[in-house]
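Take a look at this one; I'll ask things after.
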Amino acid sequence: MEGHHISVHIDTGDRFPQWSIQETKEFLMIRAELDRTFMETKRNKLLWEVIANKMKEKGYNRSADQCKCKWKNLVTRYKGCETMEPEAMRQQFPFYNELQAIFTARMQRMLWIEAEGGAKKKGVQLSSEDEDENEESEGEKGSSKKKKKGKTSVNVGGSSSGASFNLKEVLEDFMKQQVQMEVQWREVFEEREKERRAKEMEWRQTMEALENERIMMDRRWREREEQRRMREDARSERRDALITALLNKLRREEM
C-alpha cells in the first residue's frame, strides 16, 4: 500500500482558470491571424502550440489544449446567437463581432478560391468549420491499411459534394448575418429619422410661435400708433377751435 501513488488529473480547460474579457480578445486576435493556416492544414496541433506561445508573450499562461477548448466553446456560443435579439446577444456574448469577422473573412477566402476553380482541390480543408476534428491520434495512425484505403476512397468520392454542401451552408449563414445587420441598420436609421423629424417639428413649432409673437407685437404697435395719432388729431382740433374762438372774440371787442 505504501509503494502505490495515487495520481490526480486536474482539468485545466476553458474554465480553470477563468478567461478575462481582455485575454479572450487577445486570443481571438491571434486566432484570426492564423485562421487561414488552420483552414489549409489537417495537422493543427502545432498551430495551437504557436497560439499558446503567442499568448505567453502577451503575459497569459495558457496551454495549447486550453486555447483549443476555448475556441470550441466560443464557436458554440457564436452559433447559439443566431436566434437572439441584438441587445440580448451583446449582453450574453460580447465577442460576437470578433467571431463574425473571422468567419466572414473565411467565407470570402472560400468564395475567392471557388471562383478561381480551386475548391475541388481544397474542398475538405476549406469547408471544415471545426478544423480540430481533422486531427488524428497516434492510435488512428496505426490502424490497418485496408481501413485507411476505405476511408480515403470515401473522402475522395465525397470531397466535391461535401465542399459544395458546406459552402452552401456558409453562404446561408452569411446571408442570415447580412439580413440581420441590415435589419439592425434599418432600425437605427428609422430611430434616427424619428429623432430628426421630432426635432424638425419642434423647431418649426418654435419658429411659428416666434412668428406669431412678432405679428402680435407688430399689431399692438400699430394699434398704439393709431391711438396716438387719433389723440394728436383731437388735440390739434381743440387747439384750432380755441384759436378760432379767441380771434372771433378779439374781433368783436374791436368792433
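The values are calculated or read from the model by the stated rules, or taken from the named source; none is laboratory data. Here the structure is a predicted model, which is why all the values come from computation and not from measurement. When we count neighbours, we look across all protein chains shown, and the Cβ atoms used for this are built from the backbone with ideal geometry, even at glycine. These area figures cover heavy atoms from the full protein model, side chains too; ligands, DNA and RNA do not enter into them. Shrake-Rupley method; radii C 1.70, N 1.55, O 1.52, S 1.80 Å.
How much net charge surrounds residue 222 when only other residues with a Cβ under 11 Å from its Cβ are counted (Lys, Arg +1; Asp, Glu -1)? Write down the numbers at each step before the final one.
Details: positive: 219, 220, 224, 228, 229; negative: 218, 223, 225, 226.
Summing Lys and Arg as +1 and Asp and Glu as -1 gives +1.
Assuming 0.36 nm per residue, please report the length gained on full extension of the stretch residue 63 to residue 101 beyond their Cα-Cα distance.
That works out to 11.2 nm of additional length.
Starting from the Kirkwood radius over alpha-carbon pairs of region 17-79, derive D by Stokes-Einstein at 37 °C in a medium of 0.692 mPa s and give it in µm² s⁻¹.
In µm²/s, the coefficient is 277.
Moving on. Give the accessible surface of region 33-94 per residue, rounded to a whole number of Å², with probe radius 1.4 Å and ligands, DNA and RNA excluded.
Here the per-residue accessible area is 61 Å².
Output the pairs from 56/79; 42/176; 42/70 with a Cα-Cα distance over 25 Å in this structure; if there are none, say none.
With Cα atoms farther than 25 Å apart: 56/79; 42/176.
Can I ask one more? Give the carbon-plus-sulfur fraction of the accessible surface of region 159-250 in %, rounded to a whole number; probe 1.4 Å, heavy atoms of protein chains only.
The C+S portion of the solvent-accessible surface of region 159-250 is 56 percent.
Say each of residue 83 and residue 232 gets a label point 7 Å from the Cα, pointing the same way as Cα to Cβ; how far apart are those two points in nm?
In this crude label model, residue 83 to residue 232 measures out at 8.6 nm.
How large, in percent, is the carbon and sulfur part of the accessible surface of region 30-106 at a probe radius of 1.4 Å? Walk me through the numbers on the way to the answer.
Working: 2030 of 4230 Å².
Ligands and nucleic acids excluded, carbon and sulfur give 48 percent.
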